[in-house]
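This report refers to the structure that appears directly beneath it.
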Amino acid sequence: MSFLSIKSLKYTYPGEDKPALAGVDLEMEKGEIVALVGPNAAGKSTLARAIKGLLDPDSGEVLIDGRSVRNQIPDKRVGFLQSNPENQLVTSIVEEDVAFGLETLGMDPAAIKSGVDRTLAQLGLERFRRAMPHHLSCGEQQMVALAGALAPDPAVLVLDEPTAFLDPMGRAAVMKALDSLSEQGCTIILITHEMEEASHADRVALINEGKVEDVSPPVHFFRNRSILKAGRLKQPFAVRLAEALEERGVNLPSRSARMDLFISTLKSLAADLPSGRSENECRPPDSVSENDALALTFREVAYRYTSGISEGKDVLKGVNLEVAEGRMSLLCGANGAGKSTLLQMSNGLLLPDSGEVLFNGMGLDALGKQPGGIPAHVAILFQNPERQIFSETVFDDVAFGPRNLGFDEKRVKESVLEAIRWVGLDADVHSRSPFKLSGGQMRRVAVAGVIAMNPKVLVLDEPTDGLDPYGADEFMSRAQQYIEKTGATILMATHRVPDSITDRCRLAVLSSGSIRANGEPLDVLLAPDEPLSLDFMPPHIWAQIRLLKDGLGHQPVSLDPDGAVKLIVDAVTR
């Protein structure tokens, strides 16, 4: 018998006609890692809650080591990380939050302290021990919530998007911890929209429309085109590259869906080629073109935390950043680098300790006296969409901003329906409650609420978190189309370079309290002083630059994944 057995599980939310789970079957062995993937609203989070025992299924069963989770609400054998870390933080001090689950098990104080110490060390969180969770960045909060799920040493661990808010270092720490737990016999379900993470699992399971449609090892799963299409999934770059090499007649010595493992295969193929350098000629990435008008300007902006674990720390140290009008500017940096802090200064939600923020050359104080105030010109989307959603229907939520700006109802309706269309939601969603939507759909609603105000500048904090792979690419494409149609400017924070970055974007790097680089993407990514670590780059760019750094091949670097495949295949087979 399998250690974790899910049999014909069905569940329909009250008031809904369509089941969220329509007969889920899944078998897992002790110590196995299964990545659960699928489109937004497929039933992934519902299944996670059912395994934890947080909802009572209409029919079917979840068995752990032969014993049902029914009447075990919640089941203490299961560690559970929700997709929104704020929903899981229950105390005002990090170490107390991590200890909470251990205390509910009735453990003695010495065992609780030992469990907290072990888990904080495992995730590299010792420095946050006495911090207040609400003073941490969203990514840091996610790590604390994960520590709380790990501390009780569960037999089954269910993680709902555990790295959604994390930078590459945090992601690596989580995956390393999961490997260690798996070796110790913990059975792990990893819900993820990141195909590179899914390729790390023992098997990948697609859930779609409430049913598991396929379960197989990553190297096979990601070669099944019909499954990928059904799940709105993308192939990991290593799989795309392997298929292209095989089509070129290359006999690969080994296969892997993980780029970090497949790179050794590429190196062995390219080892006999003449070394070379990139043919891309890069300018120093330090300024906006003189021909570009400026939508936002940050001049010598400094900010110091006044409370929490970082009290007295200068998070921003004289930041100088120019945001070109009518373009998409990406602000990249690690968790806790100050990206959200800087974004909130763009529309006056936070004020710098020194320096100034300008909109079209005008100070924000003066802008606030204009009709509609700052929000009519600069609108912001927070990193967590739940913070911005509060109305009973999607329509009223999206309409809140336009109505506050004095739009008449005819214009309100036009703006709302157009915004809903722009973010890729179905037209019939406007009458639904936003709180009955999936996390990815809620994020789209929050974005629509910003777009509907028709601002000159959209400030977006990690807007693609929680979106399925095609949804994330679609969002970036729609954002670029929105810029081209309206002339608006987008400033977007991200903890890694998006797969779909193009040369129409600009890329700025925030590190150690200042802007290390700001310019065209390739100028920044290939800058000699390396302002951005390779870890922050998507796999197709990471692989190209990694080969160049190792002196293998002589090629330009492509921002486009298809172009990257062709360049690498040409380089290692010529």
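Looking at the structure I just gave you, is THR489 more than 18 Å from the chain's Cα centre (by Cα) and surrounded by fewer than 21 Cβ atoms within 10 Å (Cβ to Cβ)?
Spelling it out, it is not the case that THR489 is more than 18 Å from the chain's Cα centre (by Cα) and surrounded by fewer than 21 Cβ atoms within 10 Å (Cβ to Cβ).
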| field | Checking SER558 against (1) polar (S, T, N, Q); (2) surrounded by fewer than 20 Cβ atoms within 10 Å (Cβ to Cβ); (3) outside the structural domain of ALA270 (by TED's automatic domain parsing), the condition it does not meet | value | (3)
| field | Criterion: under 19 Å from GLU194 (Cα atoms), free of Cβ contacts under 8 Å to residues at least 24 places away in the same chain and assigned to a helix (DSSP H, G or I) - qualifying residue of ASP535, ASP562, ASP570 | value | ASP562
| Can you pull out the residues in the range 383-395 that are out of contact with any helix residue (DSSP H, G or I) (no Cβ under 6 Å at 6 or more places or on another chain) and closer than 17 Å to LEU350 by Cα? | ARG387
| query | Is the range 446-458 home to any residue that is assigned by TED's automatic domain parsing to the domain that holds TYR303, assigned to a loop (DSSP other than H, G, I, E, B), among the polar types (S, T, N, Q) and in contact (Cβ under 8 Å) with a residue 24 or more places away in the chain? | reply | yes
| field | Whichever residue in the range 407-431 is at pLDDT below 90 and assigned to a loop (DSSP other than H, G, I, E, B) and, among such residues, is surrounded by the most Cβ atoms within 10 Å (Cβ to Cβ) | value | VAL423
| Spans of strands (runs of 3 or more DSSP E) in the range 144-242 with at least 3 residues buried (at least 21 other Cβ atoms within 10 Å of the Cβ) and in contact (Cβ under 8 Å) with a residue 40 or more places away in the chain | 156-160, 187-191, 203-208
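For every residue, the table says whether it meets (1) out of contact with any His (no Cβ under 9 Å at 6 or more places or on another chain); (2) farther than 30 Å from ILE227 by Cα.
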| residue | (1), (2) |
| --- | --- |
| ASN40 | no, no |
| ARG70 | yes, yes |
| LEU81 | yes, no |
| ARG130 | yes, yes |
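Residues are listed down the side, and each one gets a yes or a no for (1) in contact (Cβ under 8 Å) with a residue 60 or more places away in the chain; (2) under 30 Å from the mean Cα position of the chain (by Cα):
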residue: GLY338; (1), (2): yes, yes
residue: LEU342; (1), (2): yes, yes
residue: SER346; (1), (2): yes, yes
residue: ASN360; (1), (2): yes, no
residue: GLY372; (1), (2): no, no
residue: ALA376; (1), (2): yes, yes
residue: LEU381; (1), (2): yes, yes
| remark: In the set THR192, THR187, THR265, the lone residue that is in contact with a Ser or Thr (Cβ under 8 Å, 6 or more places away or on another chain) and closer than 29 Å to LEU123 by Cβ is THR192
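The values are calculated or read from the model by the stated rules, or taken from the named source; none is laboratory data. This is a predicted model, so every value here is computed, not measured. Cβ sites come from the backbone with ideal geometry, for glycine too, and all protein chains shown count toward neighbours.
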